[in-house]
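> Have a look at this one.
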Amino acid sequence: MTVSPDDRGHLTQLPFALLKRAMSRLAAVSAIFLSAGALVAATPISPPAVEYTIEVKLDPATHMLDGQERLIWRNPSGDPVSELRFHLYLNAFKNNRSLFTRESGGQLRGDKAGTKPEDWGWIDVLSMKTSSGSDLKPSARFIQPDGYPFPGAAKEGEALADETVLSVPLSSPVPPHGEIALSIAFRARLPRVFARTGYVRDFHLVGQWFPKIGVYEPAGMRGRAIGGWNCHSFHANSEFYADYGRYDVTLTVPASFVVGATGKRVSESKKGNLAVYRYVAENVHDFAWTADPSFQVHEFRFDPPADIPPGWSALAARQLAMSESQIALKPVSVRLLLQPNHARARDRYIGSTKVALSFYGLWFGAYSYDTLTIVDPPDDGLGAGGMEYPTFFTGHAPRLLLSWPLDRVRWVEDVTIHEFGHEYWYGIVGSNEFEESWLDEGINTDSEYRAMQLAYGPRPARLPGGLGFDMGSFAHGAYASLPNLDPIRRIAWGYSSGASYGVNSYPKVGLFLAQLRHDLGEETFARAQRAYFQEWSFRHPTTSDFFDVFERVSGRDLSTYRRNLIEGTARLDWSVISSKTQEQAKDYGVFDRTGGRATFEKGRRVLPTKENEASSVEKKKTYESVVVFGNRGEWPHEARARLVFEDGRVLDRALPADARWVRLRIRYSSKLAWAAADPDRVNAWDWNRLNDSRVLGQGKGPAATAGSRATAKYFAETAYLIGLLLQAVWAAA
Amino acid sequence: MERRNSIAEGFAALGQAKILVLLLTAFTIVFSLLAAAPLLPSFRDSFAGTLAGDHILKNDPSFAPTDVFDFLREKSAAVSGARSAANLAILIVIFQQILFAGGIVSVLGKAAPVTVPDFAAGVRRNAWHNVKCFLIFLIGAGGTIGAWFAADHAIYKRFFENLPPGASATLVFRVATVLGALLLYAVFSLLHDFARAARRSESAIGAWRAYGHARRMLAGRWPRALGIFLFWFLFGGVLLLLAVGVEWSAPAVSALAIALHMVLQIAVLTIRPAIRIAVWGSYLTMYDRVQRTLAPPAAVVTPRPEPLSSPPLSLDEQPLV
């Protein structure tokens, strides 16, 4: 596989050490280019930090993998490194005492782990030899770098409970910017499908399956003070983080099995009743594969001129202030491995993949690889669905959602676009999902929402009877459904609950980015996000890097967003605190006017004479309307207030960011019909929409609201539905 | 031939017992309104008092969904209240149906017109009998259908669990399971209804004996009885689904359209009572005909007229004290 140049970038081959030094100055260099209006694409590191050559054989009867791995690891730092750390992810499924099982309780992503003997999975490192032939395995030990907060962790004579990180001491350290070559023999058993990986019957989704070295982060990288390993245990609420590298993997499976994998297939051969496939992938940070004899293979090509939806190129170019030729895309070969009973999902997978390739490519940058593999898991293996690996992802097509009345919920499309999106925010931009999951899941959720709404309309998910919802409403509902205990940025297993991890990593970020997009403007936001993608391709950004790019491109201080929305739990909740409208009291008392002193009683002039009574009566009514708007949240941010009077007049006023509350007092010839804060709902971060408005009356034009009718209709509808339920129960009596 | 007649009699019962259809519908509406009542203040506050009602009524593409989610969250206590009230209403409605069956079997299919006092007298007379019949039905049908599903689960685990999803054998097994459960339900339902109908001919029969009587009446006539059940199940089900579909898809934004929509909802709620009365009409027709064949009319014996006054007792006939 080759990495192609992006729209502006060029592949360059720089000496490794030189490039490492250049990396640390990349942001500054980029700033110079960006100030001139250019977007500079980052290039992959060469030679890569890791090179894997793996030969593995699958026994589908026992679901065992026998593998031989040759690894070259290059020390990216100026430190001598005397210990290597490896992820052994499959050991998360080894027993009920692994950190993963304890944290998840055996349930994750709507899936439940099996507890029968054949349901468990594990990986054993059989040997780990250096090029000199010495075996490092005897001195290796399992470690828990994140601790083990559960009782009964270590019993005497037993290994510690979690075996997902292996520490391997080296007799002679790897010198600064030096390298080490290892030959690792391993044996692994896949679990019954659970949490992204495993088997069910003959279907095998082989992910996180080989001894995988952690990331050694030099001082200065991702804000580190000193160099060290970033190699976390496998937690329930976390995905992955790894170095970019080259993978050369040879798979041996029964000849009847259909195989798909990360990267490009470079050869295939038959050995008796076995088939041997070799795949090569460059500039990726993981490798996954699948094997199943029942897959139906559908190959298609993403052809940009034909497949980009009409108007998208022009729209993207306008927002990015670039020409359409500057954001032109390139073809991609796509391979869909479909379950035989999911034929209805075929066109939906294909259509949504083309939507995703178009949207992400046009707005962020062309897809960096030539191939893409989509795996459709079986209905009883959906635990492997909805997962991403470089150039390879799994969809999710439950049969129930393929037919009326749920087919237009567009679940297949949504998952496909989301998982493809990870090719950008996890695959090409190497976010650390252990520590800053929002940089991948969250940014990708926002991208997915935008792609879905651009492709399928304002309400992409629809049910019969006109029901449906837009993605922002779904995100808002999820955000406001939790007690708001955690900030968006938190280590993945540090959230107060699994639900909090989910909301903070996915939909809440969608709201944050929608708010930021409104505040910066669509064009500025689009340019900043593209710059972020381009600059951090094939690198590992942090939250600081995200804000650095956005502040530079927008020219604005965004610290309030970072402090309150990403690092804090501040809410925004502009609301109508109180409202009233009433006829203004007519003048009464003694007034000194140009014609002399006059005395009024209830608007009627009574002194000094009675002759002028008729002309003195105040004929025209005036009304005083008083509305108090308040921000019940903690985040100071501006909003717009709207007052609409019964005669249809509309009055807009600004609610300044620094105001805790604002009182508007209006004297006008008509009563106030309604008042609302943020009537156009541009503040996506607003916590509660139900307190944004207050209806006081009825009128014409914009004042004509239908709330009373809605009350009657939906009360009747509720009673009607209960009535149907009660009559259904008659069957029991 | 008799089945067609029974079904025709079911339709005829609708004309005879319109009052019962209206009564059942009225009870449904009252219970539904009571169960929904906890939500009314919240609807007023949120829908009439804010712009949310406007958004939802007009189905605003991006505002309405958020308003619905926020309503469900902010007014969750009221939603829970309505749910609890609906659960309570379910129990009451079951009891109501148990009682109403006593009135229905007393008045339906008789020569005399159906009146509310006669209906109420039947309800009173058969109340305790019907409660006991219901308990027997609950235990019998619940236990049998529960055992059926337990056996189904065991068979599935043994033979079908490892088949690929969508395998035709699994589909056939699932369909057979559902049809079997429906058949069992139909059998128990028929026994239950015929046991309650037994009070038409034997006003003092006990519940247990009534089930025995029902079993004897249905012996040899099960295909016919099940045919009647199936007809009304399918006919009523399709009719109800169509009506619910029409109601669901009917837009209603203006005040007039909303009023018409409410009328449509009441009309839909009338279907199930009408089907229930028609089913009873068919069953009771069959019951009456079978009853005639089981108990041939006794010979007409003209009783000897009682003397207007007893002859005086002789001294020998003095009663013992």
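The values are calculated or read from the model by the stated rules, or taken from the named source; none is laboratory data. Keep in mind it's a predicted model, so treat the numbers as computed, not measured. All Cβ positions, even for glycine, are placed from backbone atoms using ideal geometry, and neighbour counts span all protein chains on display.
> Mind checking which residues of the range A:267-293 are at pLDDT 95 or above and not in a strand (DSSP E or B)?
Within the range A:267-293, A:ASN273, A:HIS285, A:ASP286, A:PHE287, A:ALA288, A:PRO293 qualify.
> Let me ask something else about it. Which is within 14 Å of chain A (Cβ to nearest Cβ) and either under 27 Å from B:THR25 (Cβ atoms) or part of a helix (DSSP H, G or I) (or both), of B:LEU264, B:LEU183, B:LEU179?
After applying the criteria, what remains is B:LEU264.
> Now a separate question. Tally time: how many residues in the range B:26-63 are of a type in the set (S, T, N, Q), within 9 Å of another protein chain (Cβ to nearest Cβ) and crowded, with 18+ Cβ neighbours inside 10 Å?
Qualifying residue count for the region: 4.
> Scan (1) under 30 Å from A:THR718 (Cβ atoms); (2) within 14 Å of another protein chain (Cβ to nearest Cβ); (3) at pLDDT 95 or above for the single condition B:PHE229 breaks and write down its number.
All conditions pass for B:PHE229, except number (1).
> State which residue is farthest from A:THR371 (Cα to Cα) when the search covers only the range A:405-421 and only residues that are buried (at least 24 other Cβ atoms within 10 Å of the Cβ) and of a type outside the set (A, V, I, L, M).
A:GLU413
> Are any residues in the range B:64-96 more than 34 Å from the chain's Cα centre (by Cα), of a type in the set (A, V, I, L, M, F, W, C) and facing chain A (nearest Cβ under 7 Å), and if so, which ones?
Passing the criteria: B:PHE69, B:PHE71.
> For the range B:1-25, what are the residues that are surrounded by fewer than 16 Cβ atoms within 10 Å (Cβ to Cβ), touching a Ser or Thr at 6+ places or on another chain (Cβ under 9 Å) and at pLDDT below 90?
Those that are surrounded by fewer than 16 Cβ atoms within 10 Å (Cβ to Cβ), touching a Ser or Thr at 6+ places or on another chain (Cβ under 9 Å) and at pLDDT below 90: B:GLU2, B:ASN5.
> Looking at (1) within 14 Å of chain B (Cβ to nearest Cβ); (2) surrounded by fewer than 24 Cβ atoms within 10 Å (Cβ to Cβ); (3) touching a Leu at 6+ places or on another chain (Cβ under 7 Å), can you tell me which one A:HIS476 breaks?
Unmet condition: (2).
> Read through the list (1) without any contact (Cβ under 8 Å) to a residue 60 or more places away in the chain; (2) among the small types (Gly, Ala, Ser); (3) surrounded by 18 or more Cβ atoms within 10 Å (Cβ to Cβ), then give the number of the only condition that B:ALA207 fails.
Result: B:ALA207 passes all but (1).
> If you don't mind, another one. Going by what's in this entry, would A:GLU433 be described as under 15 Å from the mean Cα position of the chain (by Cα), of a type in the set (D, E, K, R) and part of a loop (DSSP other than H, G, I, E, B)?
When the stated conditions are applied, A:GLU433 passes them.
> Restricting to the range A:98-130, what's the tally of residues that are at pLDDT 95 or above and in contact with a strand residue (DSSP E or B) (Cβ under 7 Å, 6 or more places away or on another chain)?
10
> Further question: Condition first: closer than 19 Å to B:THR270 by Cα and not hydrophobic (A, V, I, L, M, F, W, C). Now tell me which residues in the range A:714-733 satisfy that.
Of everything in the range A:714-733, those that are closer than 19 Å to B:THR270 by Cα and not hydrophobic (A, V, I, L, M, F, W, C) turn out to be A:GLU717, A:THR718, A:TYR720, A:GLY723, A:GLN727.
> Select from the range A:218-237 the residues that are of a type outside the set (A, V, I, L, M), touching a residue at least 60 places away in the same chain (Cβ under 8 Å) and at negative phi and list them in ascending order.
Result: A:PRO218, A:GLY227, A:TRP229, A:ASN230, A:CYS231, A:HIS232, A:SER233, A:PHE234, A:HIS235, A:ASN237.
> Still on this structure: Out of A:GLN319, A:GLN326, report the one residue that is in contact (Cβ under 8 Å) with a residue 60 or more places away in the chain, more than 17 Å from the chain's Cα centre (by Cα) and outside any loop (DSSP other than H, G, I, E, B).
Just a single option satisfies the conditions, and that option is A:GLN319.
> Can you list residue pairs whose Cβ atoms sit under 7 Å apart, with the first residue in the range A:565-590 being modelled with pLDDT under 90 and the second being charged (D, E, K, R) and assigned to a strand (DSSP E or B)? Count only pairs 6 or more apart in sequence or on different chains.
So the pair list comes out as A:GLN584/A:GLU624; A:GLN584/A:ARG667; A:TYR588/A:GLU601; A:VAL590/A:ARG597.
> Here is a follow-up. Do we have A:ARG459 as free of Cβ contacts under 8 Å to residues at least 12 places away in the same chain and part of a loop (DSSP other than H, G, I, E, B) here?
Against the criterion (free of Cβ contacts under 8 Å to residues at least 12 places away in the same chain and part of a loop (DSSP other than H, G, I, E, B)), A:ARG459 qualifies.
> Looking at B:GLY281, B:GLY237, B:GLY212, B:GLY220, which is the one that is exposed (fewer than 13 other Cβ atoms within 10 Å of the Cβ), of a type outside the set (A, V, I, L, M, F, W, C) and part of a helix (DSSP H, G or I)?
B:GLY237 is the lone residue from the list that is exposed (fewer than 13 other Cβ atoms within 10 Å of the Cβ), of a type outside the set (A, V, I, L, M, F, W, C) and part of a helix (DSSP H, G or I).
> Next question, about the same structure. Among A:PRO405, A:PRO377, A:PRO390, A:PRO398, which is the only one that is within 14 Å of chain B (Cβ to nearest Cβ) and in contact (Cβ under 8 Å) with a residue 60 or more places away in the chain?
None of the other options fit; the residue is A:PRO377.
> In the range B:142-150, is there at least one residue being in contact (Cβ under 8 Å) with a residue 12 or more places away in the chain, touching a Ser or Thr at 6+ places or on another chain (Cβ under 9 Å), in a helix (DSSP H, G or I) and among the polar types (S, T, N, Q)?
No, every residue in the range B:142-150 fails to be in contact (Cβ under 8 Å) with a residue 12 or more places away in the chain, touching a Ser or Thr at 6+ places or on another chain (Cβ under 9 Å), in a helix (DSSP H, G or I) and among the polar types (S, T, N, Q).
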